[in-house]
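Working notes, structure below.
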Amino acid sequence: MDNPIENRGFVFTKESLRKKFRWSEFLSEKIITGVAFLSITIIILIFFFVFKESLPIFQTRKKEVAKVEHVQKQEQYGGESDKGQTNSSGQEQYGVTTKDTMMIENQARGADTVVHGSDQATFKSLTGKQWLPVSDNPRYGLIPLFVGTLKITLIAMLFAAPIAILAALFSASFAPYWMREIIKPAIELLAGFPSVVIGFFALMVMASFFQNIFGYDGRLNAFVGGVAMAMAAIPIIFTITEDALTAVPRTYTEASLALGATRWQTALFVTLPAATPGIFAAILLGVGRVFGETMIALMATGNAALISVNPFESVRTLAATIGAEMAEVVFGDTHYNVLFLIGSLLFIFNFSLNALAEFYVKGKLVKRFQGKQS
Amino acid sequence: MKEAKIKTRDLSLFYGAKMALNSITMDIPEKEVTAFIGPSGCGKSTFLRTLNRMNDLIPGVRITGEVLVDSLNIYDKQIDVVNLRKKVGMVFQKSNPFAKSIFENVAYGPRINGINNKTKLEEIVESSLKKAFIWEEVKDRLQDSAMGLSGGQQQRMCIARTLAVEPEIILMDEPASALDPISTAKIEELIFELKKNYTIVIVTHNMQQAARVSDLTAFFYLGELIEFGKTKKIFTTPDKKHTEEYITGRFG
């Protein structure tokens, strides 16, 4: 009888142990690596494109001197359009095309006038308080957009964070098993809800509803937009918080209960503090979602670039500005470049938020469970 | 035998349809150490957990029969589980300190019972840590994270945390199984001290440990209480053949 091992064709010799080259293995490995790098490359390229398109704004100063002649020409052109205002009555709505207002603006702004008269945005006008990109005297002040975005983010988080965290706490610590199996997927489904539907709901239903309650004038404002945004942020905050809470070791809960703590005390003093880094990350990601949200902002906030602390005033967010104006802007125009600058700022902001969430959670959790921090 | 602190009467426990404990009747005496021994899965840990109703946390558990602590049935509908657990404390197999300072860990129990006076808390923490023989080791770093303690220290701190609630009964679920011999010896010494004031029930896989620390030993097998009696007798002249075989290491 032959040795059974030999029959299987596996003899332990130097020959059989020599390294073999496996084609399929090699190919599949390379393809997967290639795809991974491709996606990373695409993301990097997108960022470079966005950033590149916003660059011309920063080069303005050098060109300014050379542009003086051109500027005068433009002012003349502006003058022409003033004369022809009867023909194009549509321009009146910008409120800066008539000579009277121009004069007032000129007096008020003094030396800036030349720059404003041109179509070039400078650093000064970027930090200005007016966003009037399509007037004859365009101004690209980003401050009102930032204020609007921050205001709406604040309103959205004031609503979303408590609701989402308490819902997660209920689901993780109190709900019976069968109920959790329903709640969690149901709320997670909401994360995939198209924001245009939430926006539509806010526009048609919530706006009237809140107007009836608070009795403000403008139907669409930061408050309505913020609440609608909260609806988009809740699923994200809920899911991550819930995961963080269920990741708290069961021994913690048991230890607390065995000491005679009630379920509430256990949830409040043990589970919640142990999950703090995860909850912090959840809130940061929620902020990121609201910050970048375009459709809801476009539909429900009224889109007037005002600076005020009143939550019932209309606002215009950074993302909504891109969404609303990019389609109508002249390619290569300053306005075009400024919109890309806004895009870069959004990218940088969200990138840092995500990075912060990631590193904070990792660093904090590791420290906490290795006992390096009291 | 001293007066019975805990009595169980025909206690059976089911996980769904599966019977995990079969009609257990035993009297656990006051201020003595009672050890539960038996092979893995024999129900000794499950039985221990029925004594302070920790099994309530597991879905699908059904219990029949009675558990009487100081002659009160703890499975009565009128019983408040929270107060029961203050009276019947528990120490777990794996030390489970909270990710807080040592002080906060021990003060947690008194705090949730409404003690907020700082000097009072400090007193309780100090006396509890002293009772658990760990005060000398940690008195200078009470504000450090409890996660930085060694395994044995963590376990003794967990015992101190249990003592801080002033229970009458302490249930220990293999408290030394994850510890080195030196730490184990310290825990055993501690158990010996504690039995002067507390009724202690300990589950252990370590036969020598049961022989060393306990006054009474109960041998469980497949959810049944096979034999229960004085430790000395169980380890020298057990009545049942099963017990003898397990203790001498012929199965298990």
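Find the percent of Cα-Cα distances in segment A:204-323 that exceed 17 Å, and round it to a whole number.
64 percent
Below 8 Å, C-alpha to C-alpha, sequence gap of six or more: please give me the relative contact order for segment A:159-305 in percent.
Value for segment A:159-305: 39 percent.
Roughly what angle does helix B:102-112 make with the longest principal axis of chain B, taking Cα atoms, 0 to 90 degrees, to the nearest 10?
In chain B, helix B:102-112 runs at an angle near 70 degrees to the longest axis.
Taking the Kirkwood radius as the inverse of the mean 1/r across Cα pairs, report the Rg/Rh of segment A:274-374.
Rg/Rh for segment A:274-374 comes to 1.14.
Please list, by residue number, everything in segment A:281-320 whose backbone N is under 20 Å from a paramagnetic label point 7 Å out along Cα→Cβ of A:SER344.
The answer is A:292, A:318-320.
If I fit a long axis through the Cα atoms of helix B:151-163 and take the longest principal axis of the Cα atoms of chain B, what angle between them do I get, 0 to 90°, rounded to 10?
Its long axis makes an angle of about 90 degrees.
Among B:187-198, B:219-230, A:28-39, how do they line up by average Cβ neighbours within 10 Å per residue, starting with the highest?
B:219-230, B:187-198, A:28-39
Amide H to amide H under 5 Å from B:TYR221: which residues, 5+ apart in sequence or cross-chain, H placed 1.01 Å off N in plane?
HN-HN under 5 Å from B:TYR221: B:ILE226.
If R0 is 51 Å, what FRET efficiency do you get for A:SER208 and A:PHE37 from their C-beta distance, rounded to 0.05?
0.50
Pull out the extension gain between A:LEU268 and A:LYS20, defined as 0.36 nm times the separation in residues minus the alpha carbon to alpha carbon distance; nm, one decimal.
Value of the extension gain: 83.4 nm.
For segment B:178-252, state what percent of all Cα-Cα pairs lands in each successive 5 Å bin, counting from 0 Å until the bin that includes the largest distance.
3, 14, 26, 24, 16, 13, 5, 0
Segment A:266-322: Rg/Rh from Cα coordinates, Kirkwood Rh?
1.22
On each of the three principal axes of the Cα atoms of segment A:130-183, give max minus min coordinate, whole Å, ordered largest first.
Largest first, segment A:130-183 extends 63, 17, 9 Å along its Cα principal axes.
Per residue of A:261-268, what is the mean number of Cβ atoms on other protein chains within 10 angstrom of that residue's Cβ?
Per residue, the average neighbour count from other chains is 3.
Over its Cα atoms, what ratio of radius of gyration to 2.2 N^0.38 Å does segment B:109-238 give?
1.19
In debye, nearest 20: dipole of the protein assembly as shown around its Cα centre with unit charges on the Cβ of K, R (+) and D, E (-)?
Computed charge dipole of the protein assembly as shown: roughly 1400 debye.
I'd like the distance between the alpha-carbon centres of segment A:189-257 and segment A:266-328, rounded to an integer number of Å.
10 Å
In µm²/s, what is D for segment A:13-64 at 4 °C and 1.567 mPa s, where D = kT/(6 pi eta Rh) by Stokes-Einstein and Rh is the Kirkwood radius from Cα pairs?
85 µm²/s
Summarise the partner chain shielding of B:96-107 as one whole number: the mean count of Cβ atoms from other chains within 10 Å of each residue's Cβ.
The mean count of partner-chain Cβ atoms within 10 Å per residue comes to 4.
Using label points projected 7 Å from each Cα along Cα→Cβ, tell me how many nm separate A:ALA191 and B:LYS139, to one decimal.
5.2 nm
With r as the distance between the Cβ atoms of B:ILE58 and B:ILE182 and R0 = 35 Å, compute the FRET efficiency 1/(1 + (r/R0)^6) and round to 0.05.
It comes out at approximately 0.55.
When all alpha-carbon pairs of the protein assembly as shown are counted, what percent fall beyond 48 Å?
43 percent
Averaged over every viewing direction, what's the projected area of the C-alpha convex hull for segment B:39-193? Give it in nm², one decimal, please.
One quarter of the hull surface, i.e. the mean projection, equals 10.5 nm².
Return the long-range amide H neighbours of B:LEU21 (sequence gap of 5 or more, or a different chain), with a cut-off of under 5 Å between placed amide H atoms.
B:LEU13
For segment A:127-245, just list the percent of Cα-Cα distances falling in each 10 Å bin from zero outward, please.
13, 31, 29, 18, 6, 2, 0
Order the peptides A:159-170, A:177-188 from the highest to the lowest mean number of other Cβ atoms within 10 Å of their residues.
The most tightly packed comes first, giving A:159-170, A:177-188.
Once both axes come from the Cα atoms, what is the angle between helix B:118-131 and the longest principal axis of chain B, in degrees from 0 to 90, rounded to 10?
With both axes taken from Cα atoms, the answer is about 50 degrees.
To the nearest whole percent, what portion of all C-alpha pairs in segment B:1-74 is separated by more than 17 angstrom?
43 percent
Please report the relative contact order for segment B:18-88, taking Cα pairs under 8 Å with a sequence separation of at least 6, and give it as a percent rounded to a whole number.
Reported as a whole number, the value is 25 percent.
Could you work out the relative contact order of segment B:26-179? I mean the mean sequence separation of Cα pairs under 8 Å and 6+ apart, divided by the number of residues, in percent.
It rounds to 31 percent for segment B:26-179.
Return the calculated 222 nm mean residue ellipticity for the protein assembly as shown, to the nearest 500 deg cm²/dmol, obtained by summing -39500 (n - 2.57) across DSSP H runs with n ≥ 4 and dividing by the residue count.
-16500 deg cm²/dmol
Compute the normalised compactness of segment B:110-172: alpha-carbon radius of gyration over 2.2 N^0.38 Å, N being the residue count.
1.09
We did not get these values from a lab; they are worked out from the coordinates using the rules stated. Not measured: the values here are computed from a predicted model. Quick reminder, even Gly has a Cβ in these numbers, built from the backbone with ideal geometry, and neighbours come from all protein chains shown.
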